[in-house]
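The values are calculated or read from the model by the stated rules, or taken from the named source; none is laboratory data. Here the structure is a predicted model, which means the values were calculated and not measured. A quick note on method: Cβ atoms are made from the backbone with ideal geometry, for glycine too, and the neighbour counts reach across all protein chains shown.
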Ligand code: WT7
């Protein structure tokens, strides 16, 4: 009998809105800048915290050099702070420096506080949490690092991790960092095909998974999904399988019983000395074409940025329990469940369940039981819980909470107010944090501890240290005034930004640096208020955001078009009460196909969940019989028109003169009308 994932820590331990209402969060008194941020002590002309932000942008090199010296344990120091040229998509930080990320996240804390809890694994069943100390996590990481090495993994290899949030997933990420491999965590909700595509693109010959997942009281067959995926990945030569449940699963010759083999390994593993710019991980995300991009993050800059934002946005202090409920398969989980909190020696929660399991009080019961101090979640969950009523929140003691965070999509005023008033008892600042997989960490967000800081509901407010946002109009002019909107760009590099797209630097340049030469283009639009505060207004490209999960409409169209009954399709996002955005598919069926709309939806959903993931499934379809989609004369689908029809804004249809066949739009309006 193998030790299971549940008790491996024991085994290892044994042997191893722009609204008038504003919230003031801090007094306006001036504070000692060095007490706030020790490395700022030597900054010339920075006598108080209000000048620190300015300094971090105007003297960004000095700022980041001091932060890097202070926050990162170096094996050998860097000699070049940065070497960046945004126009060429060249980004390098801390040249010449050598470090090991796992040492920064583990060993240095084991030296000072080995018995401090690093991870609280909040398993699906409430009350069955497992705590892992820094000493235990280091031991797990080292054993796994040794096992990977013994099984042929070398520095520079990329390992795909397909696991739900659990200590062994974190140990897997850190074990890669320890031995100089990179990781590619794939969200365990992705289908076998989506997983296979990412394994192949990342060229992973090793995959790490669990036998089964457990979420919301249901078991998912993750190992089976991996087996299916690797059938089309000849490069995969071994699959490490951890046991999350006691249930045996089909075993093949390439499978490795992970916990069992870990126990046979040494509990000390020499950390690799990595260059600052060696790859730490790839993380796939959606763009506006069908093919997901593997964004590349490197060692020192990413770690520093995750650590600094974690401390200063959330006001994290030693001894706090940090509860980020994102899955580790997304960048939020990487930066704020794993790297940020662990670099800061924090205690971080790994949430395996759902907001409504076993009931809608889950989050707040967990806050009470684990004494969580900072809670970080997604607006979609807040909107869902709000509908169940205040009693599910008020049942539980939330007095430990100090800061509430929101991430992944805009938070509407109603949800913001409820989060603030009901969840936080009107006492905890809400930080609406804007950032992306590409940015590595939070870029625009309130910083409640700043003197005189105010928060306007629904606004992401102000840039983080070292971040200089600019708004650019459609003609490419930088907008200097306030009370204006434009494309959100960032004018100078920061250490946390992605370095490239794996195997496709050209796409990296074209997507982020070509639209507005010299600037990093985020893909989002933003409004800057009279006071200079930012509000994110949404994507400017064909990327949509479903329950905080990012997906390209082109990716869904690709799959929908593979359905044998479909001739062509257009997918758009539409405003959805709970999800933020829902997926709306317009489909033209092949000639002669005779099928009911409900059956079309079922077929499409089957295909999309099989080829991408459940969250990407259309909520709504409009089947367009006989005709075709509204297109320009050059054949481009006019999604703008479709969006207007779905928004019921017929007045706003705009210029239709370039349209190939105006009858197409009539048919859609009529069809949509029938659905109202
Ligand atoms: C896109 C990035 C940030 C980590 C999770 C998502 C949208 C993100 C906010 C926010 C409004 C937001 C943007 C962004 N987004 N945070 N606070 N307010 N929109 O990371 O999957 O890379 O998605 O999510 O559109 O570009 P991601």
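Within the option set 515, 564, being touching a strand residue (DSSP E or B) at 6+ places or on another chain (Cβ under 7 Å), in a loop (DSSP other than H, G, I, E, B) and either closer than 28 Å to residue 384 by Cα or more than 12 Å from the ligand (Cβ to nearest atom) (or both) holds for one residue only, 515.
Surrounded by 13 or more Cβ atoms within 10 Å (Cβ to Cβ) and within 18 Å of residue 539 (Cβ to Cβ): is that true of residue 479 in this structure? The answer is no for residue 479.
Can you go through 333, 301 and tell me which one is within 12 Å of the ligand (Cβ to nearest atom), out of contact with any helix residue (DSSP H, G or I) (no Cβ under 7 Å at 6 or more places or on another chain) and within 28 Å of residue 75 (Cβ to Cβ)?
Every option except 333 fails the conditions.
Answer with yes or no whether residue 431 is in a strand (DSSP E or B) and either modelled with pLDDT under 95 or more than 15 Å from the ligand (Cβ to nearest atom) (or both). Here the answer is no, as residue 431 does not meet what is asked. Only a single criterion out of (1) at pLDDT below 95; (2) closer than 19 Å to residue 57 by Cα; (3) within 16 Å of the ligand (Cβ to nearest atom) is not satisfied by residue 490, namely (1). With respect to (1) loosely packed, with under 12 Cβ neighbours inside 10 Å; (2) at pLDDT 85 or above, the lone exception for residue 574 is condition (1).
Screening 580, 548 for residues that are within 16 Å of the ligand (Cβ to nearest atom) and surrounded by 23 or more Cβ atoms within 10 Å (Cβ to Cβ) leaves exactly one candidate, 580.
Yes/no per residue for (1) within 16 Å of the ligand (Cβ to nearest atom); (2) farther than 19 Å from residue 309 by Cα:
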{"residue": "444", "(1), (2)": "yes, no"}
{"residue": "459", "(1), (2)": "yes, no"}
{"residue": "478", "(1), (2)": "no, yes"}
{"residue": "495", "(1), (2)": "no, no"}
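Here residue 51 meets each of (1) within 22 Å of residue 36 (Cβ to Cβ); (2) surrounded by 14 or more Cβ atoms within 10 Å (Cβ to Cβ); (3) at pLDDT 95 or above with one exception, condition (3).
The criterion of at least 3 residues that are crowded, with 23+ Cβ neighbours inside 10 Å and at negative phi is met, among helices (runs of 4 or more DSSP H) falling completely within region 76-182, by 134-150, 167-179.
Among the conditions (1) in a helix (DSSP H, G or I); (2) over 27 Å from residue 160 (Cα atoms); (3) within 19 Å of the chain's Cα centre (by Cα), residue 538 misses just one, which is (1). Just one residue in the set 229, 272, 253, 196 is within 27 Å of residue 137 (Cα to Cα) and modelled with pLDDT of 95 or more; that residue is 272.
Scan region 649-676 residue by residue and report those that are under 22 Å from residue 621 (Cα atoms), modelled with pLDDT of 75 or more and either within 38 Å of the chain's Cα centre (by Cα) or part of a loop (DSSP other than H, G, I, E, B) (or both). Residues satisfying the conditions are 649, 650, 652, 653, 661, 665, 668, 669, 671.
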